[in-house]
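Encoded as structure tokens, the structure appears first; notes follow it.
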Amino acid sequence: MKKICVIFRKSPIGNTSSREGLDFAMLSASFEQEVSIIFTDEAVLHLLPEQQPELVGSKDYLSTFKALSLYDIETVLVCRDSAVQFGITAKDFNFEAELASEKHIQTLIQQANEVVVY
Amino acid sequence: MSKFIIQVNGTVYGSTASFRALRFTESVLSLGHQVSHIFFYQQGVFNSNSLVCPASDEHDLHRAWTKLASEHNVKLVNCVSAALRRGVLSAQDALENDKQQYNASEQFTMGGLGELVTGIEQSERLVCF
């Protein structure tokens, strides 16, 4: 078993990177790896509720983030600085996640065996 | 000696990620390390397209990957779902999906994300490009 940290950096709108990152995260978890997730930069937009990805030609993979705990992915951090930049607070979150400081995120990355960025 | 697994997310032309992955792999092998396999994901699956046909004075990354694989016995694995979404098909995929053509080289095998994850587990280090 390895500790795999998946970092999402891209917006949910305009590209499919996070969708494939999410597939990787869930598959890793189902293969008994210890997976943690970080949202930073534009990817904090994933946390916003009531998005309609179908309207811009994407599959609605956003609702799948709600299933992370079913895959035993318990550590889901949101970069506080990025959230502030985008005007997002914890009460906006559409799924279970925790606002985290830069230091907290650094510690998580240091503890991981592998870090993958999507 | 360490065992590496390389993940390539960058396309065959238009970004330098795949080129850097190739150079990194060559370097790792020349230093006597092992590379379990190269896993192509996201836009990386375009590296397996046998129809890639650059000008003669340009890098042919598709050819470079197949050459590296045969010289060093390194396995090249495409994520099959990432490939199918992008129109990169093996002969078998073409048959199963009722398509008239296929374009992936035989040196690239189609696999699942599970191969990436078990590869990560069995290697000391995953490096992504």
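Out of (1) more than 11 Å from every other protein chain (Cβ to nearest Cβ); (2) surrounded by 14 or more Cβ atoms within 10 Å (Cβ to Cβ); (3) within 22 Å of B:Gly114 (Cα to Cα), the odd one out for A:Leu70 is which?
Against the list (1) more than 11 Å from every other protein chain (Cβ to nearest Cβ); (2) surrounded by 14 or more Cβ atoms within 10 Å (Cβ to Cβ); (3) within 22 Å of B:Gly114 (Cα to Cα), A:Leu70 comes up short only on (2).
Mind checking which residues of segment B:14-61 are of a type in the set (Val, Ile, Thr) and open to solvent by less than 60 Å² (accessible area, probe 1.4 Å)?
The answer is B:Thr25, B:Val28, B:Val35, B:Ile38, B:Val45, B:Val52.
Looking only at residues in segment A:1-16 that are buried (at least 19 other Cβ atoms within 10 Å of the Cβ) and among the hydrophobic types (A, V, I, L, M, F, W, C), which one is farthest from A:Val115 (Cα to Cα)?
The extreme case among them is A:Phe8.
Residues checked against (1) within 15 Å of the chain's Cα centre (by Cα); (2) closer than 24 Å to B:Arg85 by Cβ:
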{"site": "A:Arg19", "(1), (2)": "yes, yes"}
{"site": "A:Ser30", "(1), (2)": "no, yes"}
{"site": "A:Phe86", "(1), (2)": "no, no"}
{"site": "A:Glu98", "(1), (2)": "yes, no"}
{"site": "A:Glu102", "(1), (2)": "no, no"}
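Can you give me the ranges of the strands (runs of 3 or more DSSP E) entirely in chain A with at least 1 residues that are in contact (Cβ under 8 Å) with a residue 60 or more places away in the chain?
Where strands (runs of 3 or more DSSP E) fall fully within chain A and carry at least 1 residues being in contact (Cβ under 8 Å) with a residue 60 or more places away in the chain, they are A:3-8, A:34-39, A:98-100, A:114-117.
So, in segment A:17-66, exactly how many residues are touching an Asp or Glu at 6+ places or on another chain (Cβ under 8 Å), open to solvent by 50 Å² or more (accessible area, probe 1.4 Å) and either within 14 Å of chain B (Cβ to nearest Cβ) or closer than 19 Å to A:Val115 by Cβ (or both)?
Within segment A:17-66, residues that are touching an Asp or Glu at 6+ places or on another chain (Cβ under 8 Å), open to solvent by 50 Å² or more (accessible area, probe 1.4 Å) and either within 14 Å of chain B (Cβ to nearest Cβ) or closer than 19 Å to A:Val115 by Cβ (or both) number 1.
What is the number of the single condition among (1) open to solvent by 10 Å² or more (accessible area, probe 1.4 Å); (2) over 30 Å from A:Gly57 (Cα atoms) that B:Phe129 does not meet?
Just one mismatch for B:Phe129, condition (2).
The values are calculated or read from the model by the stated rules, or taken from the named source; none is laboratory data. Just so we're clear, the structure is a prediction, and the values are computed from it rather than from any experiment. Positions of Cβ are generated from backbone atoms using ideal geometry, with glycine treated the same way; all protein chains shown enter the neighbour counts. Note: accessible area is taken over every heavy atom of the protein model, side chains too, but ligands, DNA and RNA are not part of it. Shrake-Rupley method; radii C 1.70, N 1.55, O 1.52, S 1.80 Å.
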